[in-house]
Amino acid sequence: MTIKLYELLGHEGRRYSQFSWRAKMALKHKRLEFEEIPLLLTDKESIAFANSNSVPVLVDGDVIETDSWDIATYLEEAYPDAPSLFGGPIGTGVTRVINSWCDRAVNVALGPLIARDVLEAAHPDDRTYFRESMEKLYKRTLEEVQEGREDRVKGLYRTLDPIRTTFRKGQDFISGDAPGYADYVVFSQFQWARVTSPFKLLDADDAVFAWRERMLDLYDGFARNTTAYEVAE
Ligand SMILES: N[C@@H](CCC(=O)N[C@@H](CS)C(=O)NCC(=O)O)C(=O)O
């Protein structure tokens, strides 16, 4: 039976769930066929069977997984003969740190730069919910959150220094010579931004820009070939 992946449907078909991109890239890495089921953010009924309020939700036969990290570790265990996402127990531990760094540092630097743009990328039927839930979280309007981003983008540049330094030393991916789950986690932030916002996050001569290009080329341009803004160089 084909694996099902529930994710978000945005305006004009945009797939803007960053956590779902982590799961989709992990499925591609494992060379697994899957069906994408895009839902409105407010459609909690369709994922109630999984006892979840959020996507991604993965259904593989009788198995239901509801968190991007749990989906990745499930795929690693259930499909051991397919290419590894973590490269063993040490890699799993280190990737977990990258996962936390991404959620606690990269997302914190990047999210406010595009917060108001994401509202436009959300499905029109979800925009009231999106604005209310995000403004509750930020304790400010989305317009206030995004204001002054031209200056604040430097903060993102500095946050990305650990991976930039690594790429400059000749390592092509966060996981080493080839991409792994750590790459998909960090890439999901940039893919979220590409799908939702025309704002330029990286300069073309930045080693992180070149890495993002390599990520977009993976799996016959799987991530590149989705409705997104052209990222200006
Ligand atoms: N920790 C979860 C977070 C999932 C998450 O926050 N998903 C967002 C979409 S990217 C969502 O569905 N939010 C539901 C809501 O805001 O109501 C994971 O890693 O999968």
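The values are calculated or read from the model by the stated rules, or taken from the named source; none is laboratory data. No experiment lies behind these values; they were computed from the predicted model shown. Methodologically, a virtual Cβ is constructed for each residue, glycine included, from the backbone with ideal geometry; neighbour enumeration extends over all protein chains shown.
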**OP:** Keeping to segment 6-20, report how many residues are of a type in the set (A, V, I, L, M, F, W, C) and buried (at least 21 other Cβ atoms within 10 Å of the Cβ).
**Re:** 2
Subject >> Unmet requirement for V97, which otherwise passes all of (1) away from the ligand (no atom under 16 Å from the Cβ); (2) surrounded by fewer than 16 Cβ atoms within 10 Å (Cβ to Cβ) >> reply: (1)
**OP:** Residues being under 15 Å from the mean Cα position of the chain (by Cα) and over 21 Å from G176 (Cα atoms): count how many of those fall in segment 202-221.
**Re:** 0
**OP:** Kindly indicate which of V55, V63 is of a type outside the set (D, E) and away from the ligand (no atom under 13 Å from the Cβ).
**Re:** V63
**OP:** Within segment 66-84, count every residue that is near the ligand (Cβ under 9 Å from one of its atoms) and crowded, with 16+ Cβ neighbours inside 10 Å.
**Re:** 5
Original post:
Got at least one residue in segment 135-145 being over 30 Å from L39 (Cα atoms), modelled with pLDDT of 95 or more and of a type in the set (D, E, K, R)?
Top reply: no
**OP:** Only one of these is loosely packed, with under 14 Cβ neighbours inside 10 Å and within 23 Å of A23 (Cβ to Cβ): E213, E230. Name it.
**Re:** E213
Original post:
Which residues, counting only those in segment 125-144, are within 16 Å of V108 (Cα to Cα) and either in contact (Cβ under 8 Å) with a residue 60 or more places away in the chain or within 16 Å of the ligand (Cβ to nearest atom) (or both)?
Top reply: M134, E135, K136, L137, Y138, L142
**OP:** Output the qualifying pairs, or none if there are none: Cβ atoms under 6 angstrom, residues six or more apart or on different chains, first residue in segment 53-74 and closer than 21 Å to T42 by Cβ, second residue among the hydroxyl-bearing types (S, T, Y) and surrounded by fewer than 20 Cβ atoms within 10 Å (Cβ to Cβ).
**Re:** V57/T66; T66/S52
Original post:
Does segment 1-8 contain at least one residue that is farther than 19 Å from C102 by Cβ and within 13 Å of the ligand (Cβ to nearest atom)?
Top reply: yes
Subject >> Matching residues, segment 9-27, being under 20 Å from I98 (Cα atoms) and either near the ligand (Cβ under 9 Å from one of its atoms) or not small (G, A, S) (or both) >> reply: S17, Q18, F19, S20, W21, R22, A23, K24, M25, L27
**OP:** Kindly list the number of the only condition in (1) crowded, with 19+ Cβ neighbours inside 10 Å; (2) out of contact with any helix residue (DSSP H, G or I) (no Cβ under 7 Å at 6 or more places or on another chain); (3) in a loop (DSSP other than H, G, I, E, B) that fails for R194.
**Re:** (3)
